[in-house]
Amino acid sequence: MANLIHTRILGMGSFGPDRVVDNQELSKTVDTSDEWIRARTGIKERRFASKDQSTSDLSCMAAKIALEDANVLPDQIDLVVVATITPDMPFPSTACLLQHKLGLGKVACFDLEAACSGFLYALDVADAMLSSGRYRKALVIGAEKMSSIMDWQDRTTCVLFGDGAGAAVLSKEGEGIELLGFYCGADGSNPSWLCQPAGGSAQPATPESISDRKHFLKMNGREIFKSAVRVMESSCRKLLDDHKISIDEIDHIIPHQANMRIVESLSQRLKVPLDKFYCNLDRFGNTSAASIPLALDEAIRSKNVQRGQLGLLVAFGAGLTWSSTLIRF
Ligand code: UT7
């Protein structure tokens, strides 16, 4: 039987690295312009981690703020899930590296890979684990160092992404944002539309794979754009139908922060005014799994959200994967 006590977000934290790179600066090294990037994506600047900052370091910064915000001590955490496509290394997991850096107990730690939908997938998984009764307090993180897999010779992708991390402390005990419902889906029929082709078991690293630039992110932007708009709409509708809630009852939508034109299309398709969407992609670019927790944390801190209001989080990403989460602030 389903556990009727909703999991809550007791506290959140996010972290953007210090180095801010605006479009103008990018256009000095890449054949692009501030005008093109703004018009086609809405992005004005993004943040990049330093050479010695890895995804676990970004996670650590966000997690410390989230723990403090939740008023939870590190030794109370008994589950860590890190959603990322840019782990510090293929293994051990970034979650294990983070456990050590944060001084957590010898608790369950693992990474989850669902690309830009990763944080919402991780909320679903952590909720199920907390609902089992075997875990009490989970640290769920979306973190990326996208700059580590970006191809600076490919102007169609390198202008889009940024680095960052967002963290949430989840529990069934205590006050916080209620997680009311989840939906996750995927379609693996077109993996090449958005992928990092080499470095895995299909194409292990070789001198050729490196010279062919196959360790960088590759994307078919147009196909991803079309799919994104379609699956984000259907994933919102599916979750709302499951919970018998009308879209008009939703006060805030926090979408994956990939492209302002995708958000505008979603707003038109759902017939929801754009001012109900929280967006910060102009300042962060697309931070993949970090995008939703970075935006959610900012939205909460902006004080525009009020207790009792309903929120809808919606993401899509490589896989393709998609996910939506219904919350009550
Ligand atoms: O988290 C999920 C990840 N990804 C996404 O959500 C991305 C989804 N896709 C997109 O956001 C858009 O497809 C892009 C922003 C990537 C591209 O926008 P677009 O309107 O689909 O542009 P396009 O690919 O059709 O390219 C239009 C033109 C091309 O020139 P020609 O062939 O018309 O002469 C490109 O070569 O723009 C050119 N172009 C650029 N020009 C200046 C592509 N990238 C750039 C650039 N600067 N950075």
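Rounded to a whole number of µm²/s, how large is the Stokes-Einstein D of the chain at 25 °C and 0.890 mPa s, given Rh as the Kirkwood radius over C-alpha pairs?
Values: Rh = 19.7 Å.
Stokes-Einstein gives a translational diffusion coefficient of 124 µm²/s.
Tell me what the chain gives for mean residue ellipticity at 222 nm when only DSSP H runs of n ≥ 4 count, each as -39,500 (n - 2.57), the sum divided by the residue total, rounded to 500 deg cm²/dmol.
On the way: 11 runs with 108 residues, N = 329.
Counting only the DSSP helices, I get -9500 deg cm²/dmol.
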For region 8-176, take the convex hull of the Cα atoms, compute a quarter of its surface area, and give me that in nm², please. 10.1 nm²
To the nearest 20 Debye, how big is the dipole of region 131-253 about its Cα centre, given +1 on the beta carbon of each Lys and Arg and -1 on that of each Asp and Glu? 320 debye
With both bridge residues required to lie in region 194-329, what share of the DSSP beta bridges run antiparallel, to the nearest 5%? 65 percent
Under 21 Å from K101, Cα to Cα: lysines that are on another chain or at least 8 residues apart: K51, K64, K137, K145
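Highest mean first, how do 177-190, 109-122 rank when packing is the count of other Cβ atoms within 10 Å averaged over residues?
Details: 177-190: 16.7, 109-122: 26.4.
The peptides rank, most packed first, as 109-122, 177-190.
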In Å and on Cα atoms, what radius of gyration and Dmax does region 180-328 show? 17.0, 56
May I ask you to list, by number, the DSSP H helices of the chain whose Cα span along the axis is at least 20 Å and whose average Kyte-Doolittle hydropathy reaches -0.5 or more? 55-70, 221-242
For region 180-328, the count of lysine pairs 8 or more apart or interchain whose alpha-carbon atoms are under 24 Å apart comes to 9
With the chain treated as a Gaussian network of Cα nodes joined by springs under 10 Å, which of M61, M232, M89 yields the largest mean-square fluctuation? M89
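I need to check one value: relative contact order of region 61-105, counting alpha carbon pairs closer than 8 Å and at least 6 residues apart, in percent. If you can, show how the numbers build up before the last one.
Details: 22 pairs, mean separation 19.8, N = 45.
For region 61-105, the relative contact order is 44 percent.
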Summed residue charge, Cβ within 11 Å of L97's Cβ, Lys/Arg positive, Asp/Glu negative: -2
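Every read-out reported here was derived from the displayed coordinates using simple, explicitly stated rules and does not represent laboratory data. Just so we're clear, the structure is a prediction, and the values are computed from it rather than from any experiment. Backbone-built Cβ (ideal geometry, glycine too); neighbour counts: all protein chains shown.
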